[in-house]
Amino acid sequence: MVQGILDAAAGSLVDYQSHHLASLQGSDGDYVIDVVANFSALGAKFVVLVECKHQARPVERQDVQVLHSKLLSTGAQKAMLFSIAGFQAGAVEFAEAHGIALVEVATGISNWHAKSAGPPPPPPSWLHLPKHIGWLCKGNTRSLLSEDHSEYTRAFLSLSDGEA
């Protein structure tokens, strides 16, 4: 799912590749990263590191600090951290200060909204909802990340729709 979100955002990027459980050499040793995306844009090469946390508790500040250290050590340009349990306030603060994207993984139905006095009705059968989506957390706003909606992933990576 996570790699699929990045792959969908690749669009017309030059030399785009993504790798699951990729080994990268850093200045202080080797790292195994959950997903690494490489591409060229504007004549430069870019590396995006993505770590995934599948734990019951919200991600802590130290987890984001470790990802930031990996970003610096490997020379990557961007980093994203996906979590199924959300993020503690310190993690959000550190990520915002260092330009690291935090993404809450949720079921696709969390994107279904309906006006209703009671519980919302189920979505209509014709509506395609992915099994899982991501919510890009930035301050008090949430932006949808999915294989069907790549505009916010591209915006985080500082790519306009026409860039390659």
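The values are calculated or read from the model by the stated rules, or taken from the named source; none is laboratory data. Everything numeric here is computed off the predicted structure, so don't read it as measured data. No Cβ is skipped: glycine too gets one built from the backbone with ideal geometry, and neighbour counts run over all protein chains shown.
Conditions tested, residue by residue: (1) of a type outside the set (Val, Ile, Thr); (2) assigned to a loop (DSSP other than H, G, I, E, B); (3) in contact with a Cys (Cβ under 8 Å, 6 or more places away or on another chain).
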position	(1), (2), (3)
His68	yes, no, no
Ala97	yes, no, no
Ile109	no, no, no
Pro124	yes, yes, no
Trp135	yes, no, no
Leu144	yes, no, no
Asp148	yes, yes, no
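If Ala101 satisfies every condition in (1) touching a strand residue (DSSP E or B) at 6+ places or on another chain (Cβ under 6 Å); (2) surrounded by fewer than 20 Cβ atoms within 10 Å (Cβ to Cβ); (3) of a type outside the set (D, E, K, R); (4) closer than 16 Å to Ala9 by Cα but one, which is the exception?
Looking at each condition in turn, Ala101 falls short on (2).
Among Leu49, Leu67, Leu13, Leu71, which is in contact (Cβ under 8 Å) with a residue 40 or more places away in the chain, hydrophobic (A, V, I, L, M, F, W, C) and within 20 Å of Phe156 (Cα to Cα)?
Leu13
Residue by residue through the range 2-18, note down the ones that are under 23 Å from Ala95 (Cα atoms) and either in a strand (DSSP E or B) or touching a Pro at 6+ places or on another chain (Cβ under 8 Å) (or both).
Across the range 2-18, the qualifying residue is only Ser18.
Residues are listed down the side, and each one gets a yes or a no for (1) surrounded by 11 or more Cβ atoms within 10 Å (Cβ to Cβ); (2) in contact (Cβ under 8 Å) with a residue 24 or more places away in the chain; (3) out of contact with any Pro (no Cβ under 6 Å at 6 or more places or on another chain):
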{"residue": "Pro122", "(1), (2), (3)": "no, no, yes"}
{"residue": "Trp126", "(1), (2), (3)": "no, no, yes"}
{"residue": "Ile133", "(1), (2), (3)": "yes, yes, yes"}
{"residue": "Leu136", "(1), (2), (3)": "yes, yes, yes"}
{"residue": "Gly139", "(1), (2), (3)": "no, yes, yes"}
{"residue": "Leu144", "(1), (2), (3)": "yes, yes, yes"}
{"residue": "Asp148", "(1), (2), (3)": "yes, yes, yes"}
{"residue": "Arg154", "(1), (2), (3)": "yes, yes, yes"}
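Of all residues in the range 83-113, count the ones that are under 13 Å from the mean Cα position of the chain (by Cα), more than 17 Å from Leu144 (Cα to Cα) and in contact (Cβ under 8 Å) with a residue 24 or more places away in the chain.
Adding up the residues that qualify gives 1.
Would you pick out the residues in the range 1-52 that are of a type outside the set (A, V, I, L, M, F, W, C) and on the phi > 0 side of the Ramachandran plot?
Answer for the range 1-52, where residues must be of a type outside the set (A, V, I, L, M, F, W, C) and on the phi > 0 side of the Ramachandran plot: Gly11, Asp15, Gly29, Gly43.
Does any residue of the range 52-60 turn out to be aliphatic (A, V, I, L, M) and either touching a Pro at 6+ places or on another chain (Cβ under 8 Å) or assigned to a helix (DSSP H, G or I) (or both)?
Taking every residue of the range 52-60 in turn, none turns out to be aliphatic (A, V, I, L, M) and either touching a Pro at 6+ places or on another chain (Cβ under 8 Å) or assigned to a helix (DSSP H, G or I) (or both).
Considering only the range 35-51, I want to know if a residue exists there that is modelled with pLDDT of 95 or more, part of a helix (DSSP H, G or I) and of a type in the set (Val, Ile, Thr).
For the range 35-51, residues modelled with pLDDT of 95 or more, part of a helix (DSSP H, G or I) and of a type in the set (Val, Ile, Thr): absent.
Could you grab me the full set of residues in the range 37-64 that are within 21 Å of Ala91 (Cα to Cα) and surrounded by 13 or more Cβ atoms within 10 Å (Cβ to Cβ)?
Val48, Leu49, Val50, Glu51, Cys52, Lys53, Pro58, Val59, Glu60, Arg61, Asp63, Val64
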